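Following: one structure in C-alpha cells, then a few remarks.
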C-alpha cells in the first residue's frame, strides 16, 4: 500500500513540519515517518532531533492516530549522528569546556530529553514500529532498541560503532540493550562495535520479523501489517498495555507494576466507552467499533 502525503481530514490538527523528514498516512489511524537524507544515509543533525520531538508529541496528542512507523529513505534506515556536524562543533570549540558558551555544546543539549531522533529515550504514549532496511548504526540502532517493535529486511545491518570513533552510545541504548539481550551480548555489541545481520538480531530478540531480500518499500509494507493490526484494537487498551510493558522494561517488580497499572492507567480506562464496546461486541459476535482514545 503506497503512503499518501495528504493529511487526512479526520485529524484534529496538522502535523508539524520536520527538517529532512517526510510525514504520510499509509492507512487509517497510522502515521509513517520517513527520515529523508538519503545521501547522508539519513544521519540526523542536531536541529532535526528537536523537530522530531515536536512530531512525536503531536502524534501522542492526536486522538485519531493509534500506531506509527519510522523508516528511512534510500539505502539506509539511519546511520546515526551527523559526524560532519559533530566534527564542525568540535573544531569550533577544541577545548571541551563550558567557558566558551557560544560554541560549546553540552552532550545533553545535542538532542532532547527523549533522545536520538526523539525516540531512543522516549517514553511516549502510543507505539512506534521501526521498519529497518540497510544501515542501522549508532543513534539509528539506539532508536530501534527503544521502538516497540522492529521489522527488518534480511539485508539490514545493525551496530553500535561508537567506541570505534572514540564516543559512546549515550542516548539511552546501553541500559536498554543490557535488559533486552543480557550483559554479555550487550557488552559484545557495545564494546566491540561489530556489525550484525537482521537474522542474528532476530535470534537475540531485538527484531520481531525478518523480511527476506526486502528493500525499503517491502519492509514498510511488512511493518504496516503490524501497525494496522495494532490500530484495529482498542486504542485505550493498547495505550494501557504499553504502559504495563514499560513498567517491566523500567525494572519495576511485577507486584508493584501491577499495582501501579491498576490504580493508575487501568482506572482511567475501566468501564470507558472502548472497554464497554469491546465486551459488548464480543457478546454480540460482531467487530468492535472503537472510539478515539481520550486517555
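For the range 21-66, a Kirkwood hydrodynamic radius built from all Cα pairs, placed in the Stokes-Einstein relation at 20 °C and 1.002 mPa s, yields a translational diffusion coefficient of 184 µm²/s. Based on alpha-carbon centroids, what's the gap between the range 105-161 and the range 215-230 in Å, whole number please? Taking the Cα centre of the range 215-230 as reference, the centre of the range 105-161 is 17 Å away. Measuring spread by the Cα atoms of the range 156-295 yields a radius of gyration and Dmax of 19.6, 61 Å. Just round it to a whole percent: the fraction of Cα-Cα distances in the range 162-227 exceeding 18 Å. Roughly 48 percent, rounded to a whole number.
Antiparallel versus total DSSP beta bridges in the chain: what percent is that, nearest 5? In the chain, approximately 30 percent of DSSP beta bridges are antiparallel ones. Taken over the Cα atoms of the chain, the convex hull encloses 151 Å³ per residue. Please give the FRET efficiency for residue 178 paired with residue 202, using the beta carbon to beta carbon distance and R0 = 22 Å, rounded to the nearest 0.05. Taking R0 as 22 Å, the efficiency between residue 178 and residue 202 is 0.70. Measuring between their Cα centroids, the range 14-69 and the range 162-199 lie 25 Å from each other. Between residue 225 and residue 191, the simple spin-label model (points 7 angstrom out along Cα→Cβ) gives 3.9 nm. Taking a ≥ b ≥ c as the square roots of the eigenvalues of the alpha carbon gyration tensor, the range 156-197 is oblate, as a/c is not under 1.5 and a/b does not beat b/c. Entry note, the chain: relative contact order of 15 percent, from Cα contacts under 8 Å with a spacing of 6+ residues.
If the segment from residue 165 to residue 282 were pulled out straight at 0.36 nm per residue, it would be longer than the present Cα-Cα gap by 36.5 nm.
Estimate the FRET efficiency between residue 13 and residue 218 by the formula 1/(1 + (r/R0)^6), using the beta-carbon distance for r and 35 Å for R0, to the nearest 0.05. So the FRET efficiency works out to roughly 0.65.
Values quoted throughout were computed directly from the atomic coordinates according to the rules given, and no laboratory measurement underlies them. If you're wondering where the values come from, they're calculated on a predicted model, not measured in any experiment. All Cβ positions, glycine included, derive from the backbone under ideal geometry; neighbour counts span all protein chains shown.
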